[in-house]
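Values in this text are rule-based calculations from the coordinates and carry no lab data. Not measured: the values here are computed from a predicted model. Glycine gets a Cβ as well: all are built from the backbone with ideal geometry, and neighbour counts include every protein chain shown.
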Amino acid sequence: MGVDARGRLVEDPFAYRVTKDGKVLISRGGRPVVTVGGPAAERLTAWLENASDEPQIQQLLARATGNYRRGNERRGGRA
């Protein structure tokens, strides 16, 4: 799994809550970011339950929000 080189997940961590109907509500800074439902929520819940530590949980939540590696992807084609 990736590393949080800039420490942003430590300074401003994600929080999550699993609802009765199985959806995963992910928030950051007290504001909702995304709701994951269906089979994706089931997989995410299982991964979160099996996570070994808090940094791993934060990486899973970052990936689920789609904000993983934002800004440092290489662009294809000509520069």
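Each residue, Leu25 and Arg8, gets one label point 7 Å from its Cα in the Cβ direction; the gap between the two is 2.4 nm. On full extension, the segment bounded by Thr35 and Ala15 gains 6.0 nm, given 0.36 nm per residue less the C-alpha separation.
Under the simplified labelling scheme, the Ala46-Thr65 pair shows an inter-label distance of 2.5 nm, with each label point 7 Å from Cα along Cα→Cβ. Net charge in the neighbourhood of Ala15 (other residues with Cβ under 15 Å of its Cβ; Lys, Arg +1, Asp, Glu -1) is +2.
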